[in-house]
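> Okay, handing you the structure first.
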Amino acid sequence: MSLSDKAPSISFEFFPPKSEKAAAALLDTTAALAELSPKYMTVTYGAGGSTQDGTVDTLKRMMEHDIPLAAHLTFINSRKEELKAYTDGLWDMGVRHIIALRGDMPSDGDVNWPLETDDDYFQYTSDFVEGLKSWNDFEISVGCYPEKHPDAPSMDADLKALKLKCDAGADRAITQFFFDNDVFYRFVDECAAAGINTPLCPGLLPIHDFKSMCKFAKRCQAQVPDWLHERFGAVENAEEAEKIATDLLVMQAQDLAKNGVEHMHFYTLNKSAITAEACEALGYKAKAA
Ligand code: FAD
């Protein structure tokens, strides 16, 4: 790999596949992206543990690439003892990095949280980070929200919550995706003013399907700027859409690198092409065979 000294490090996120066919395709994707020597690769966790086995199976399969792996984990609706047993299992497998999250509140309201008086459950992500650190010497990443988490009453309240997670021992905070880099630069300043010194890593989303991305962004309350609607509004075919998505991600990553960002996390959606092009534009090249 030839990489300029100043290129940011990179990481890739994948979700557990839903079929054997998708699992085989995912292994091709992870193999292709592992060639770029990311700092780590992560596997998501389904709400309430719905993909617990899938997360572990996917991590096991990805171990063949010899890249450090991180397991996402949500605490909502899981007892502390269950979480401890699960994370002990991850530790025994060789996983040393957890992406520690609350998880979304179930829409049907069926949730064992928050239970102010119930000591069997974690209350906040900051408590979860503390718990994880006390059980095993995990590296911990947490999530953060440059445009505010949808549940937070204000940006100020959300920054206070982020500071608590950082003070509890998080090694970095990975952002929700955004498309306007000024949103990220503003967030960096807001975090600094709030006394948050933990590294902030932008999470970048390649646009594989503009319409479904817009639906997802609405749920996350992440802004899709007008110029993005205009760019995709005139698209005539899938090839054109992929070309636009690639150019956008390349430009976004290059601008972040130019502004001193030291690490970027890519939400790959289990596909390699657009993400790989953005990383190549940062100076990454696949290892020679
Ligand atoms: P939290 O930091 O827990 O915040 C959630 C809300 O609680 C906010 O409104 C916050 O302000 C508030 N809050 C937090 N702490 C306090 C406190 N001490 N006092 C008062 N208010 C507080 N979801 C999955 O199900 N699986 C995944 O694999 C997954 N991966 C993700 C990866 C990344 C990088 C990101 C950014 C998100 C991911 N999510 C995942 C989504 C995440 O679970 C949801 O956004 C969830 O609603 C919030 O989890 P959190 O830990 O980021 O938020």
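A short reminder: the numbers here are calculations on the coordinates, not readings from a lab. Note that the structure is predicted; figures quoted are calculated from it, not measured. Reconstructed Cβ throughout: ideal geometry from the backbone, glycine too, with neighbour counts over all protein chains shown.
> Whole-Å semi-axes of the chain's equivalent ellipsoid, largest first, each the root of 5 times a Cα gyration tensor eigenvalue?
Computed over the chain, the values are 29, 23, 19 Å.
> Rank the residues GLU64, GLU130, GLU190 as a footprinting-exposure proxy: fewest other Cβ atoms within 10 Å of their Cβ go first.
GLU64, GLU190, GLU130
> Between 0 and 90 degrees, rounded to the nearest ten: what's the tilt of helix 155-167 against the longest Cα principal axis of the chain?
70 degrees
> Same structure, new question: Which of the peptides 160-168, 198-206 is most tightly packed, and how do the rest follow, going by the mean number of other Cβ atoms within 10 Å of each residue?
By packing density, highest mean first, the sequence is 198-206, 160-168.
> Considering the convex hull of the alpha carbon atoms of the stretch 222-271, report its projected area averaged over all viewing directions, in nm², one decimal.
4.4 nm²
> At a threshold of 8 angstrom on Cα-Cα distance, excluding pairs fewer than six apart, so keeping six or more, what relative contact order does the chain reach in percent?
23 percent
> Quick one: putting +1 on the C-beta of Lys and Arg, -1 on the C-beta of Asp and Glu, what dipole do you get for the chain around its Cα centre, in Debye to the nearest 20?
Using Cβ point charges on Lys, Arg, Asp and Glu, the chain gives about 360 debye.
> Separate question: Under a point spin-label approximation (7 Å from Cα along Cα-to-Cβ), what is the ASN136-ASP247 distance to one decimal in nm?
4.6 nm
> Relative to the longest principal axis of the C-alpha atoms of the chain, give the angle of the C-alpha long axis of helix 125-135, reported between 0 and 90° and rounded to the nearest 10°.
80 degrees
> Set the Förster distance to 22 Å, then compute FRET efficiency between LYS285 and ALA32 from the Cβ-Cβ distance, nearest 0.05.
So the FRET efficiency works out to roughly 0.95.
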